[in-house]
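Only one structure is covered here, and it is reproduced in the block below.
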Amino acid sequence: MRTVVPRAVVWVTTVGEEVPRCPTLAPFSAVVPICNSPPLVVLAVQRRADGTRKKTAANILATREFVLNIIDDNLIEAAVEAADPNVSVEQRFTRAGVHPAKSAIVKPPRVSECEVSLECRLNRYEEVGREPGRADIFIGEILCVWLNENNKERQSPDSQAGTFSGVGALSLEWYLTPSGLRRVPQPYAELDQTPPRVS
Ligand SMILES: Cc1cc2nc3c(=O)[nH]c(=O)nc-3n(C[C@H](O)[C@H](O)[C@H](O)COP(=O)(O)O)c2cc1C
């Protein structure tokens, strides 16, 4: 699986059903645009090594909404910081040093520091794989795009991203950035997912 690279790195922001709604974020790289009309993107969330569902997946199943916030090279360290499963979901924004900003259509907030954010509503859901290495597959319809410097401009889903260049996740801990390769340690990675296993 780790040879299918580079993959975009996004922070997925979600909220839970509980009131008051607590926004959370976590980085994901299994994200691919799959259709133009309507604009659809697929997000795959693996189970943790102990077989439990990640909070991001549980929140999307509960609320049917999420925001994809595309990471650039200034935010890689912060993105990895926010993946630590030992950090409670309430602490994720603080730990990453970023701020929530109100979305236009969906309840989960955007990440204010990201140049590009895509507001999504769940279009289709599928559970794939065998225990304990299952994955939740979400196909989201992009309802609204936030683009440009400091993520200030709301645009329609068919907007073009101009000169924005994100980063690519390579094999574990390595990232492709516009200025070259960068290594960002991820000490808790073993807790995170079941290793790939062929049948
Ligand atoms: C760069 C990066 C990319 C990641 N991509 C994925 C991914 O595609 N799928 C996945 O299940 N976890 C991925 N993770 C791990 C999740 O971010 C991590 O499990 C996080 O704790 C999930 O948080 P949650 O329980 O709040 O959803 C990635 C981590 C990093 C640092």
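The values are calculated or read from the model by the stated rules, or taken from the named source; none is laboratory data. Since we're looking at a predicted model, the values are computed, not measured. Methodologically, a virtual Cβ is constructed for each residue, glycine included, from the backbone with ideal geometry; neighbour enumeration extends over all protein chains shown.
Looking at segment 48-68, I want the residues that are on the phi > 0 side of the Ramachandran plot and have a partner that is of a type in the set (Asp, Glu) with Cβ atoms under 8 Å, at least 6 apart or on another chain. Which pairs are those?
Correct list of pairs: Gly51/Glu131.
Name every residue in segment 160-183 that is modelled with pLDDT of 90 or more and surrounded by 13 or more Cβ atoms within 10 Å (Cβ to Cβ), in order of residue number.
Val167, Gly168, Ala169, Leu170, Trp174, Tyr175, Leu176, Thr177, Arg182
Can you confirm whether segment 102-125 contains a residue that is under 22 Å from Glu18 (Cβ atoms), within 13 Å of the ligand (Cβ to nearest atom), crowded, with 18+ Cβ neighbours inside 10 Å and touching a residue at least 40 places away in the same chain (Cβ under 8 Å)?
Kept after step one, since they are under 22 Å from Glu18 (Cβ atoms), are these residues of segment 102-125: 102-103, 105-111, 119-122, 125.
Checking which are within 13 Å of the ligand (Cβ to nearest atom) leaves us with 108.
From the residues that got through so far, the ones that are crowded, with 18+ Cβ neighbours inside 10 Å too are 108.
With the extra rule that they be touching a residue at least 40 places away in the same chain (Cβ under 8 Å), the set shrinks to 108.
Yes - at least one qualifying residue is present in segment 102-125.
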